[in-house]
Amino acid sequence: MEKFTTVTGIAAPLRRSNVDTDQIIPAQFLKRVTKTGFEDALFYGWRQDPDFILNQQPYLGARVLVAGPDFGTGSSREHAVWALRDFGFSVVVSPRFGDIFRGNSGKQGLLTAQVPEEDVERIWRAIEQQPGVEMTVDLVERQLSIGELRLAFEIDDYTRWRLLEGLDDIALTLRNEEAITAFESRRAAWRPTTLPAR
Amino acid sequence: MSTDSTPSIDTPSAPRTLAEKVWDDHLVVKGEDGNPDLIYIDLHLVHEVTSPQAFDGLRVAGRPLRRVDLTIATEDHNTPTIGIDRPIADLTSRTQINTLRANAEEFGVRLHSLGDIEQGIVHVVGPQLGLTMPGITVVCGDSHTSTHGAFGAMAFGIGTSEVEHVMATQTLPLKPFKTMAINVEGTLREGVTAKDIILAVIAKIGTGGGQGYVLEYRGSAIRALSMDGRMTICNMSIEAGARAGMVAPDQTTFDYLQGRPHAPTGADWDEAVAYWTTLATDEGASFDAEVFIDADELEPFVTWGTNPGQGVSLSDVVPSPEQFDDPNERAAAERALQYMDLTAGTPLKEVPVDAVFMGSCTNSRIEDLRAFASIIDGKKKADGVRVMVVPGSARVRIEAEAEGLDKIITDFGAEWRFAGCSMCLGMNPDQLAPGERCASTSNRNFEGRQGKGGRTHLVSPLVAAATAIRGTLSSPSDLNGK
């Protein structure tokens, strides 16, 4: 994973709440066995409408998505993160994220920046007054800057650290190999095993 | 090794909740300074949709799959529910299934393929085999993994990166969840089911209300439910935003498990039951949040909108957006009514449907099929309504046929299908056409979930059956004289 420190790019306003992962990427695109090339699948249903925000310039080149509360709820599909990333997004801003989506994002270098609902409204207004305005997202300082606005965002310390360092979770966990093996040696006989099949 | 010795970390002596006990017993490394805990995973369920990129990741990094003996795979999302002896027509679906087969072969993972007697929806197969047990940790690249919490397991959905992580390490780095008690006291009226309880819970706390929490369903109405009913409730915890939902194990749990293929036997069984009996939340343990639901007051529930929190009693009318104070909820209601083609004030019982879907990991177990069949027995479906019944697993299908339920279903005019996820998400050919309206026993009424432009009303198997008879959203109590 690449190190994430600061991103500057066009911010796109998505004035919707409860954007579930079925909307971010419909199930028909989950049949692929690859991890890239999902840019056309992003918000596929909504993009059939020419007026949808991500069909409008300048937002085709947006890097920050600013959405209403409960973004990324529902299905665990990590394809939602891949599709956002493939479209060009590096940051999603929302007052509240689905738990699984937020976890998936952190593992793929997509920053989920949580801000209060009133701040999202201020950002939306700033963008709509000046479409195409760029936002700078500073993970070191946990700060968003857009126009005159300077807003703090929340992200948990651990995810922030991993993003800043660009660390691979599996390699980190495998540093605990001895502890895992020791745990396994204590595992009770009644606990399930799938093999041999019975 | 016959006993779980105490992990080498400090064991708290304060009263603990069920969730905290299961968590503590799976601590491999306690996180310090804000770092996550490292949690051991007892059972990893795998299906074709969220696993290919994870297997690829292992290959690229040259890592083995650490514990194939704690891993099991099944084919469910893409699989057709008719003509299962023929090659899958959709090429991308076929490729995904074939990819799982090749990966299972290469890494040595036990796989139940289409046509196998143990094939079915991953969340139906695990419990049925006796692999899902109290006090274990279960994960799957599927948000409805919460289903397994019905046994008192800590079970939650994960993304594909985490699937790869579990394959490589059999652990996950996780921050502890907060705990929320969902107290459901009282007795359900006739015609009111587990599905109505969970739809009422979601309507009450909202689709984001459970975020960051593990829900523990408690109270007399939960204790009175069968395991199939408890699974229905835990299944939809994610629809309230919670990754996991749990029910403390009790005699109902033990009776369900005993004798299943992978359930412990002999001395192991006795030891397991002794341990499982200690798991219930301690007297005096505190939850971070509590919710109370009066089971006596519940009625059959139905969703009217495009998220599972947008639900009301079936005897109500379609709500008006003006009823919502929160501007986001009001805007969401406006959008939902437009998408659903509904007018505020319309009695829900006057809403006609084009289709009825009886199935999904929420409601496709044998008791769900029995409930559905009990209502339609000897009747004919409404003209022009397509009714599809999809058992959760090949075993459920066989069991239903042994009881003659298939005959009741086909005599009714419904389609009796083979097992899979089917029209819950329409990854296979089972989909709604644009504009079609469906009463569905599944779990998500999102826009386009059951097919592009399709409109979904979430209901219980009993409401699905009554709706299939009358052709409009109905409960069994509306059937008198019909």
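The values are calculated or read from the model by the stated rules, or taken from the named source; none is laboratory data. In this text, all values refer to a predicted model and were calculated from it rather than measured experimentally. Positions of Cβ are generated from backbone atoms using ideal geometry, with glycine treated the same way; all protein chains shown enter the neighbour counts. Calculation scope for accessible area: heavy atoms of the full protein, side chains included, ligands and nucleic acids excluded. Shrake-Rupley method; radii C 1.70, N 1.55, O 1.52, S 1.80 Å.
Could you list, ordered by first residue, the pairs with Cβ atoms under 8 Å in which the first is in segment B:61-90 and free of Cβ contacts under 8 Å to residues at least 40 places away in the same chain and the second is exposed (fewer than 14 other Cβ atoms within 10 Å of the Cβ), at least 6 apart or interchain? Here the result reads B:Asp85/B:Gly115, each pair linking segment B:61-90 to a residue that is exposed (fewer than 14 other Cβ atoms within 10 Å of the Cβ). Residues in segment B:41-58 that are surrounded by fewer than 21 Cβ atoms within 10 Å (Cβ to Cβ) and either among the small types (Gly, Ala, Ser) or without any contact (Cβ under 8 Å) to a residue 24 or more places away in the chain (or both): B:Asp56, B:Gly57. When B:Val192 is tested against (1) in a helix (DSSP H, G or I); (2) open to solvent by 10 Å² or more (accessible area, probe 1.4 Å); (3) closer than 24 Å to B:Phe301 by Cβ; (4) not acidic (Asp, Glu), exactly one condition is not met: (1). How about segment B:292-349: which of its residues are crowded, with 17+ Cβ neighbours inside 10 Å, assigned to a loop (DSSP other than H, G, I, E, B) and charged (D, E, K, R)? The answer is B:Glu299, and nothing else.
For first residues located in segment B:262-291 and within 18 Å of B:Leu43 (Cβ to Cβ), partners that are of a type in the set (Asp, Glu) and assigned to a loop (DSSP other than H, G, I, E, B) and lie 6+ apart or on another chain with Cβ distances below 8 Å form the pairs B:Tyr275/B:Asp4. Among the residues of segment A:34-42, are any under 14 Å from the mean Cα position of the chain (by Cα) and buried (at least 18 other Cβ atoms within 10 Å of the Cβ)? Checking segment A:34-42: at least one residue is under 14 Å from the mean Cα position of the chain (by Cα) and buried (at least 18 other Cβ atoms within 10 Å of the Cβ). Every condition in (1) polar (S, T, N, Q); (2) without any contact (Cβ under 8 Å) to a residue 24 or more places away in the chain; (3) surrounded by 21 or more Cβ atoms within 10 Å (Cβ to Cβ) is met by A:Thr112 except one, and the failing one is (2). Within segment B:116-165, being surrounded by fewer than 24 Cβ atoms within 10 Å (Cβ to Cβ), at the interface with chain A (Cβ under 9 Å from one of its Cβ atoms) and of a type in the set (A, V, I, L, M, F, W, C) holds for one residue alone: B:Leu129.
The sole residue among A:Arg96, A:Arg85 that is buried (at least 19 other Cβ atoms within 10 Å of the Cβ), farther than 23 Å from B:Leu174 by Cα and within 13 Å of chain B (Cβ to nearest Cβ) is A:Arg85. Across segment B:230-257, which residue is nearest to B:Ala19 (Cα to Cα) among those that are in a helix (DSSP H, G or I) and open to solvent by 10 Å² or more (accessible area, probe 1.4 Å)? Among those that are in a helix (DSSP H, G or I) and open to solvent by 10 Å² or more (accessible area, probe 1.4 Å), it is B:Ile238. How do the pairs read when you match residues in segment A:133-153 that are over 22 Å from A:Gly106 (Cβ atoms) and at pLDDT 95 or above with residues anywhere that are among the basic types (Lys, Arg) and open to solvent by 30 Å² or more (accessible area, probe 1.4 Å), using Cβ under 8 Å and keeping only pairs 6 or more apart or on different chains? If the second residue must be among the basic types (Lys, Arg) and open to solvent by 30 Å² or more (accessible area, probe 1.4 Å), the pairs left are A:Leu149/A:Arg122. For B:Asn183, the conditions (1) within 12 Å of chain A (Cβ to nearest Cβ); (2) surrounded by fewer than 23 Cβ atoms within 10 Å (Cβ to Cβ) all hold with the exception of (1).
The strands (runs of 3 or more DSSP E) falling completely within segment B:358-477 that include 1 or more residues that are surrounded by fewer than 24 Cβ atoms within 10 Å (Cβ to Cβ) and more than 19 Å from the chain's Cα centre (by Cα) map to B:386-389, B:437-440. Taking the criterion of being in a loop (DSSP other than H, G, I, E, B) and either touching a residue at least 24 places away in the same chain (Cβ under 8 Å) or more than 8 Å from chain B (Cβ to nearest Cβ) (or both), the residues of segment A:154-198 that qualify are A:Ile155, A:Gly166, A:Leu167, A:Asp168, A:Arg175, A:Pro196. With respect to the conditions (1) of a type in the set (Gly, Ala, Ser); (2) at negative phi; (3) within 11 Å of chain A (Cβ to nearest Cβ), B:Gly453 lacks only one, and its number is (2).
Within segment B:32-60, take every residue that is more than 8 Å from every other protein chain (Cβ to nearest Cβ) and either among the charged types (D, E, K, R) or part of a loop (DSSP other than H, G, I, E, B) (or both) and give me the one that is farthest from A:Thr181 (Cα to Cα). Checked segment B:32-60; the qualifying residue farthest from A:Thr181 (Cα to Cα) is B:Glu48. Might you let me know whether segment B:290-304 holds any residue that is on the phi > 0 side of the Ramachandran plot and either within 18 Å of the chain's Cα centre (by Cα) or modelled with pLDDT of 95 or more (or both)? No: segment B:290-304 contains no residue that is on the phi > 0 side of the Ramachandran plot and either within 18 Å of the chain's Cα centre (by Cα) or modelled with pLDDT of 95 or more (or both). Report whether or not B:Glu162 is assigned to a helix (DSSP H, G or I), among the acidic types (Asp, Glu) and within 27 Å of B:Glu118 (Cβ to Cβ). When the stated conditions are applied, B:Glu162 passes them.
For segment B:26-58, residues that are farther than 20 Å from B:Thr145 by Cα, of a type in the set (D, E, K, R) and modelled with pLDDT of 95 or more total 3.
Looking at segment B:20-40 only, could you name the residues that are within 24 Å of A:Ala171 (Cβ to Cβ), open to solvent by 10 Å² or more (accessible area, probe 1.4 Å) and of a type outside the set (A, V, I, L, M)? Answer for segment B:20-40, where residues must be within 24 Å of A:Ala171 (Cβ to Cβ), open to solvent by 10 Å² or more (accessible area, probe 1.4 Å) and of a type outside the set (A, V, I, L, M): B:Lys30, B:Gly31, B:Glu32, B:Asp33, B:Gly34, B:Asn35, B:Pro36.
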